[in-house]
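What follows draws every value from the coordinates through simple rules; no lab data is involved. It should be emphasised that the depicted structure is a prediction, and the values quoted were computed from it without experimental measurement. Heads up, the Cβs are rebuilt from the backbone with ideal geometry, glycines too, and the neighbour counts pull from every protein chain shown.
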Amino acid sequence: MALIVQKYGGTSVGSTERIKNVARRVAKWKAQGHDVVVVVSAMSGETNRLIALAKDIQEYPDPRELDVVVSTGEQVTIGLLAMALKAIGLDARSYCGWQVKMTTDSAHTKARIQSIDDGAMRADLAEGRVVIVAGFQGVDEQGNITTLGRGGSDTSAVALAAALKADECQIYTDVDGVYTTDPRVVPEARRLKTITFEEMIEMASLGSKVLQIRSVEFAGKYKVRLRVLSSFEDEGEGTLITFEEDESMEKAVVAGIAFDRNEARINVKGVPDRPGIAYQILGPIADANIEVDMIIQNVGENGTTDFSFTVPRGEYQKTLDILREVQTHIGAAKLEGDDKVAKVSIVGVGMRSHCGVASTMFRTLAEEGINIQLITTSEIKVSVLIDEKYLELAVRVLHKAFGLDQAATV
Ligand code: ADP
Ligand code: ASP
Ligand code: MG
């Protein structure tokens with residue numbers, strides 16, 4: 001008998017029929033003698049609908065009140081799933097984040113989980129009940145409702161699995177595992193049987209939304225056995241996130257390709273080339289809580305240099321406004337940018353021991369006439385910034401070039 005934490009995402013609970021389907025799946029695990037804790041998201045589209053309501057009232061919704069509004073989506077699904085389980089003869093009890101209680105810091109809309117009280121859950125499990133917990137939400141020390149950022153139910157599930165020392169955390173979604181890239185963009189993408197924790201961290205942070213990055217971080221920190229599976233298929237082992245590279249693992253240099261449309265590029269041209277200039281440009285942006293991603297400073301010529309970086313697309317105008325003030329102050333010649341750019345990244349632990357991976361990437365893009373605007377690298381990834389209109393083409397040709405297509409590996 002094992003203790004399993006299962007998480008079902010929005011599409012998997014998108015209708016009452018699907019919620020009944022989840023109940024049947026949970027019942028199967030119970031019938032095998034396992035203890036089950038279920039985390040659910042809001043029904044698909046619901047969180048977006050709630051955010052739109054809030055924005056209709058306030059252009060920049062008050063973060064505390066926004067959390068009060070958006071957390072309601074998950075409250076509906078936990079209640080419905082508990083009913084669906086009772087309807088098929090199982091005992092179940094639902095809990096909101098504040099009831100569990102899932103304590104977070106007070107950073108509304110992007111709160112971090114600090115502690116989980118497992119008392120009530122353990123008592124229910126001992127009574128043979130299925131425990132159902134609302135994903136995405138928590139409560140801070142003052143009793144305010146908080147949420148964990150988009151996709152946060154993944155993190156709720158992994159954190160619960162860590163707190164309960166569960167045998168496995170299963171993330172059920174609308175694809176049957178982690179693929180070499182988003183299968184909705186590249187139909188030839190392949191499901192990976194395993195992916196290393198390090199690769200999964202990179203994939204998630206570089207835009208693959210199949211797992212929220214914080215859930216992967218949690219899994220790493222507490223060594224939670226984490227698996228991604230389909231909620232629509234009965235068979236299938238999904239993808240296991242592994243912590244060690246073992247012999248049976250697929251030995252590709254590039255494990256996967258991630259991409260992110262949430263990018264905007266800013267260029268500050270003709271900046272005086274002197275110590276402290278990066279700080280003068282990026283300091284005010286950091287002070288405004290804007291996260292800078294890729295950064296490039298050119299080698300100076302004739303006492304001036306160019307400075308380029310990317311910010312989340314939603315922060316583009318705000319960043320330009322801040323820089324207009326900085327521009328006069330530092331004496332930069334020109335300020336320009338583009339918010340129709342995207343980042344494509346190749347990820348793989350195999351890159352450590354192979355050279356020429358980046359050049360294959362650059363050659364492949366060049367052959368398609370795709371211009372690279374910025375490049376960043378780390379030990380196990382190479383990212384390039386390109387015009388958004390070439391994003392899908394870039395992902396497809398890179399997928400093929402690195403032998404990730406189904407056909408290439410059969
Ligand atoms: P859920 O609502 O279940 O949390 P998400 O929409 O958040 O589901 O995540 C699943 C989606 O992630 C898939 O439908 C797929 O389009 C997308 N995705 C992006 N990259 C990948 C990848 N490498 N492997 C699998 N799915 C991916
Ligand atoms: N419902 C939340 C969202 O749409 C959390 C989640 O689905 O993980 O972002
Ligand atoms: Mg998700």
Sequence-distant lysines (8 or more away, or on other chains) whose Cα lies within less than 19 Å of residue 343: 209, 381, 389, 400
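Using only the C-alpha atoms of the range 31-85, find the volume of their convex hull and express it per residue in Å³. Write out the running numbers ahead of the final one.
Working: hull volume 4.7 nm³, N = 55.
Expressed per residue, the convex hull around the Cα atoms of the range 31-85 is 86 Å³.
So if I take the alpha carbon set of the chain, get Rg, then get Rh from the Kirkwood formula, what is the Rg over Rh ratio?
Values: Rg = 23.0 Å, Rh = 22.9 Å.
Ratio value, two decimals: 1.01.
Students often check this: by mean Cβ neighbours within 10 Å, which of 364-376, 98-110, 188-200 ranks highest, and how do the rest follow? Walk me through the intermediate numbers first.
Details: 364-376: 14.9, 98-110: 18.4, 188-200: 21.9.
Answer by packing, highest mean first, reads 188-200, 98-110, 364-376.
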Most mobile listed residue (159, 84, 52) in the chain, GNM with C-alpha springs under 10 Å: 52
Value of relative contact order over the chain, rounded to a whole percent, pairs C-alpha under 8 Å and six or more apart: 13 percent
Protection proxy ranking, peptides 137-147, 172-182, 349-359, average beta carbon neighbours within 10 Å, highest first: 172-182, 137-147, 349-359
For residue 130, residues with placed amide H under 5 Å, excluding near neighbours: 91, 92, 93
Per DSSP, loop GluC sites (Glu not before Pro) in the range 22-107 with at most 11 further Cβ within 10 Å: 59
Value of [θ]222 nm, deg cm²/dmol, for the chain, DSSP H segments ≥ 4, -39500 (n - 2.57) each, nearest 500: -10500 deg cm²/dmol
Tensor-based shape of the range 232-303 (alpha-carbon gyration tensor, a/c under 1.5 rounded, otherwise prolate or oblate): prolate
Cα pair distances of the range 135-283 binned at 10 Å [whole percent]: 10, 34, 28, 16, 11, 2, 0
Two-decimal Rg/Rh across the range 347-395, once Rg and the Kirkwood Rh are taken from alpha-carbon atoms: 0.97
Cα-centre dipole for the chain with unit charges at Cβ (Lys and Arg positive, Asp and Glu negative), debye to 20: 620 debye
Inter-part distance where the range 294-324 and the range 80-143 are each reduced to a Cα centre, Å: 44 Å
Among 359, 157, 369 the positive-end extreme of the charge dipole of the chain (Cβ point charges): 157
Those trypsin sites (Lys or Arg not before Pro) in the range 246-307 that DSSP places in a loop and that have at most 15 other beta carbons within 10 Å: 251
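Once you order the gyration tensor axes a ≥ b ≥ c over the Cα atoms, which shape class does the range 13-121 get: rounded for a/c under 1.5, otherwise prolate or oblate by comparing a/b with b/c?
Judged from the Cα gyration tensor, the range 13-121 comes out oblate (a/c at least 1.5, b/c at or above a/b).
Taking square-rooted eigenvalues a ≥ b ≥ c of the alpha carbon gyration tensor, is the range 77-124 rounded, prolate or oblate, where a/c under 1.5 means rounded and, failing that, a/b exceeding b/c means prolate?
Values: a/c = 4.97, a/b = 1.93, b/c = 2.57.
It is oblate, given that a/c is not under 1.5 and a/b is not larger than b/c.
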